[in-house]
Structure formats: structure tokens, C-alpha cells
Amino acid sequence: MIQTFTELAALRQQVRQWKQQGLRVALVPTMGNLHGGHHSLVQLARQYADKVVTSIFVNPTQFGPNEDFSRYPRTPEADVAGLEQAGCDAVWLPSVEAMYPLGVELTTLMRVPGVSEVLEGAHRPGHFDGVCTVVARLFLQVQPDVAVFGRKDFQQLAVIRQMVEELSFPVQLVGAPIVREDSGLAKSSRNQYLDAAQTEVATTLHRTLLGMREGYIAGQDRARIEAEATASLQAAGFQVDYAVLRTPDLKEPPHEGGPRVALLAARLGSTRLIDNLEF
């Protein structure tokens, strides 16, 4: 039977009991409105820990002034039911007041320079400050041995990894593979904002990533690969924020050869989608 916690003291008491029994605890941070991709994170966490806690919190500090915080779907009852089927042991459902007791305006913010300032950070100023702020608080609240994050948010994982390493958080980070529909579209809570026609167009994202990989393997130069990817997305009806090739640490490649990650962010109508492909 899954346990649901809305009070931090009760959650900490349970985690403490687990650890006194010598059990490892995993955390899967989410903003709710969960789908199969999230459930796969729980199942992966099971491979690294004896008990899995999933947090559900729509974090106001990571949304910009013109972003979708107010309309972000909140489905806690369905989320808890799905998590129980996925094998989760406990759900942490903090209020905004529990997460930010002094209020959002007076909260202490975390900031990771460098890796947080490019790509998503450049297009969504302050976004990663909010992400790191809430993740650091979740680590302190739950005190997990391991935390699992999806690789669809590739830059987010890189930013959190830098924060964990620099501040010596005693947490093992695990990056989970992207879960896709049969069409190749990455599972995302924001996909539900798309109508049927837009959902079909959105499959262009994955095809474009595959094309970027093919171009790289064929020896095309980076500028050409990025230009062709941008043109492909624009032709499909996207407004493109970026379509780039980077090294795994998100730097511009200094030379040809070596591992790469292709990253895309583009808006279809009012919905902004991201995706990536490592190779």
C-alpha cells in the first residue's frame, strides 16, 4: 500500500525508519500529471534502492512570467494511483508553504553558473535557478541515497549533477532513458496541449534528431547540420529556439569526432517542446 505524505515530519520519520533498517531510499522528483515516462523512472529507481519516494510539486520558481504555471495540469489522485501500480512506496505532496516557508519572493535561491546559462537557460532566464532551488530542498527534505531524473531534460540533469558534485550532496544521480511513443515523440506532460494535427507534426522533432545524427556520422560540418535541422523544423511549422550539436557537457565541440548530443527546443502553437538524442 502506497503511503502519501503532506507533512514533512511524518515523511522524515518514515525515511528514518527505513534507513535504520539498512534500506536504501530513492527519490523521483516530479511536477505531477504523470505518464508512462514518469512510471519508468520509478521502476528504474527500484533497481538502485529498496524504497522509492516520488515527490509531486508544481514548482513556481522555475516558471517564467509568460509560462504555463497556472495551467500546468494537476492530477494528484490519478498520479498516486499510477505510482502505486508502478511500485512506488511513498508520495511526498508538499504545499507551496511547506516548500517555501518565507514565501516565493523571499526564498533562498540556488544558482549553478555556466552550464545553466546556455540553451534553456538563455531562453528561459532564471529557470534553472528555480529547478536547483527546489531540487536542493527536496534532497534536504527526503535525504535520499539516490535520485532519478529523466534524460529528456538533458540540460537539467547536467545542471543538477554540477550542483551535487560541487556541494557534495550525498546523493547518487541516475539518468533514465527517454521514453517515446511509437511515433518517436518523447512522452511529456505538455503533449496533452497538442491537438491531433499538432501531435502528428510534433513527431518531426525525433526525425530531425535522427537526421542530425546521420549528418554527423556522414561527416557533415556542425553549422550545416544545425542549419538543416532548424530549416526542417520551421518547414513543419515550429518556431525554433535552438537546434544544436553539443558535447555531453553542453559545450560547443572544439573539433570533429567524439560523443555528441543533439538538442532541440521549439514551439508548436502555444506549446514549447524539447527533445534530445545522444550518440
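The values are calculated or read from the model by the stated rules, or taken from the named source; none is laboratory data. Keep in mind that this is a model prediction, so the values were computed, not measured. In this analysis, Cβ positions are derived from the backbone assuming ideal geometry, glycine residues included, and neighbour counts consider all displayed protein chains.
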Q. Given segment 196-243, what helices (runs of 4 or more DSSP H) lie entirely inside it while holding 2 or more residues that are outside the structural domain of A122 (by TED's automatic domain parsing), among the acidic types (D, E) and touching a strand residue (DSSP E or B) at 6+ places or on another chain (Cβ under 6 Å)?
A. none
Q.
Could you check segment 120-144 and list, in sequence order, the residues that are buried (at least 20 other Cβ atoms within 10 Å of the Cβ) and assigned to a loop (DSSP other than H, G, I, E, B)?
A. P144
Q: Could you tell me whether P113 is more than 17 Å from the chain's Cα centre (by Cα), surrounded by fewer than 16 Cβ atoms within 10 Å (Cβ to Cβ) and assigned to a loop (DSSP other than H, G, I, E, B)?
A: yes
Q: May I ask you to verify whether R190 is touching a strand residue (DSSP E or B) at 6+ places or on another chain (Cβ under 6 Å) and at pLDDT below 95?
A: yes
Q. What number of residues within segment 172-186 satisfy the criterion of being outside any strand (DSSP E or B) and either touching a Cys at 6+ places or on another chain (Cβ under 8 Å) or surrounded by fewer than 18 Cβ atoms within 10 Å (Cβ to Cβ) (or both)?
A. 5
(Q) Restricting to segment 55-76, give me the number of residues that are of a type outside the set (S, T, Y) and touching a Leu at 6+ places or on another chain (Cβ under 8 Å). (A) 3
Q. When you go through R137, R74 one by one, which is the residue that is within 20 Å of R12 (Cβ to Cβ), of a type in the set (K, R) and touching a residue at least 24 places away in the same chain (Cβ under 8 Å)?
A. R137
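Listed here are the residues, each with its yes/no results for (1) at positive phi; (2) of a type in the set (K, R); (3) in contact with a Lys or Arg (Cβ under 7 Å, 6 or more places away or on another chain).
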{"position": "L167", "(1), (2), (3)": "no, no, no"}
{"position": "V179", "(1), (2), (3)": "no, no, yes"}
{"position": "S189", "(1), (2), (3)": "no, no, no"}
{"position": "R224", "(1), (2), (3)": "no, yes, no"}
{"position": "A236", "(1), (2), (3)": "no, no, no"}
**Q.** Candidates Q47, Q62, Q21, filtered to the one that is out of contact with any helix residue (DSSP H, G or I) (no Cβ under 9 Å at 6 or more places or on another chain), farther than 21 Å from P177 by Cβ and not β-branched (V, I, T)
**A.** Q21
Q) Which fully enclosed helices (runs of 4 or more DSSP H) of segment 2-104 have 2 or more residues being modelled with pLDDT of 95 or more and exposed (fewer than 15 other Cβ atoms within 10 Å of the Cβ)? A) 8-20, 76-86, 96-99
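For (1) at pLDDT below 95; (2) closer than 19 Å to E181 by Cα; (3) of a type in the set (D, E), each residue gets a yes or a no:
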| site | (1), (2), (3) |
| --- | --- |
| H206 | no, yes, no |
| Q234 | no, no, no |
| Y242 | no, no, no |
| E256 | yes, no, yes |
| P259 | no, no, no |
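Within segment 20-35, work out how many residues are on the phi < 0 side of the Ramachandran plot and in contact (Cβ under 8 Å) with a residue 24 or more places away in the chain.
Qualifying residue count for the region: 11.
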Q) What residue, among those in segment 185-208 that are without any contact (Cβ under 8 Å) to a residue 24 or more places away in the chain and of a type in the set (G, A, S), is farthest from G37 (Cα to Cα)? A) A197
